[in-house]
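Single-structure report; data block below.
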Amino acid sequence: MSCTALLRRLPRVALRARSLFPTTTAARSLSDEVDFYTGFKTEDVVLRREERQAEIKEQYPDVGKLERFGRYVAAILPKYVQDVRITSSQELEILIHPEGIIPVMGMLRDHTNAQFKSLMEITAVDVPSREYRFELIYCLLSHHYNSRCIVKTYTDELTPVDSLTPIYKAADWGEREVWDMYGVYFAGHPDLRRILTDYGFQGHPQRKDFPLTGYTEVRYDNELGRIVYEPVEVAQEFRRFELDTPWELFPKHRETPAHLLEQGEEEVKEEK
């Protein structure tokens, strides 16, 4: 059979395939009216809403479908999903155990009803008072359903977290930035090195316990003809802190010092 005859028969073959294998509308539950998750027992999943609601003019995205999707994810992955909630900005947040990063993110990327194939951002938050001080935040985007999802997990200074580079190529530089700024180690990363600071930099600047002056200072040495790294030396005159503001914020309502009040009373008595 020639190529021309084969190409002519392709539309007919496609029509026959559609008649033999009809597509269901339930596969697009986030965008169609058919609800895919009603057939699952998701009533036991607790989904929280933040009390403070942001002022949003448009009701976008469909928060009801995001809630049902969050309950569905928690129902099929109960081992890893610890909490699901809708934020004040009408975004879906999924809080997971650190060991569930690969399974949960793989499901969100490959599942027919999710298809979060774009990793938009990786960031972290440092709270030293917590047992697991670092909170990792992954922002996902589904172009197919025009929806966003935020996945959060936690770790400490010594516990490594699985790298997402086998699933999302965009996680390469994002994980390097979190490692550089916070010191969170990602196991399995192909090239985990600093990306924002210098190679000889000490510490991680975004940690709450990192000093504002840092540990080293940089200057150009004329004799050596190169840049020199030295320990930070703060002169004594820079160590004196004045807590009073030098600006007159409310001059008409400021408190008068006690010695000036006493001096004014004495002057009034002398005038009398």
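Could you look through the range 68-104, keep only residues that are over 19 Å from the mean Cα position of the chain (by Cα) and β-branched (V, I, T), and pick out the one that is surrounded by the most Cβ atoms within 10 Å (Cβ to Cβ)? Reasoning before the result, please.
Going through the range 68-104, the residues over 19 Å from the mean Cα position of the chain (by Cα) turn out to be 68-69, 71-79.
Imposing the further condition that a residue be β-branched (V, I, T) reduces the set to 73, 76.
Details: V73: 27, I76: 13.
Checking each candidate, the answer is V73.
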- Message: I need a count of the residues in the range 155-180 that are open to solvent by 60 Å² or more (accessible area, probe 1.4 Å), of a type in the set (F, W, Y) and either in contact (Cβ under 8 Å) with a residue 40 or more places away in the chain or under 22 Å from R130 (Cα atoms) (or both).
- Response: 1
- Item | V127 vs. criteria open to solvent by 20 Å² or more (accessible area, probe 1.4 Å) and either of a type in the set (A, V, I, L, M, F, W, C) or in contact with a His (Cβ under 7 Å, 6 or more places away or on another chain) (or both) | yes
- Residue in the range 216-231 that is of a type in the set (A, V, I, L, M) and within 30 Å of V104 (Cα to Cα) present: no
- Within the range 134-154, residues more than 10 Å from A114 (Cα to Cα) and either aromatic (F, W, Y) or buried (at least 20 other Cβ atoms within 10 Å of the Cβ) (or both) come out as F134, L136, Y138, L140, V151, T153, Y154
- Message: Give me the residue from the range 207-225 that is part of a loop (DSSP other than H, G, I, E, B), surrounded by 14 or more Cβ atoms within 10 Å (Cβ to Cβ) and at negative phi and, out of that set, modelled with the lowest pLDDT.
- Response: F210
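Report the residue count in the range 181-206 for those that are open to solvent by less than 50 Å² (accessible area, probe 1.4 Å) and either part of a helix (DSSP H, G or I) or not small (G, A, S) (or both). Break it down stepwise before answering.
Of the residues in the range 181-206, the ones open to solvent by less than 50 Å² (accessible area, probe 1.4 Å) are 181-184, 186-187, 189, 192, 194, 197, 203-205.
Now drop any that are not either part of a helix (DSSP H, G or I) or not small (G, A, S) (or both), which leaves 181-182, 184, 186, 189, 192, 194, 197, 204-205.
Number of matching residues: 10.
The values are calculated or read from the model by the stated rules, or taken from the named source; none is laboratory data. Note that the coordinates shown come from a computational prediction; the quantities given were computed from them, not determined experimentally. Backbone-built Cβ (ideal geometry, glycine too); neighbour counts: all protein chains shown. Just so you know, the surface numbers come from the protein's heavy atoms only, side chains and all, with ligands and any DNA or RNA stripped out. Shrake-Rupley method; radii C 1.70, N 1.55, O 1.52, S 1.80 Å.
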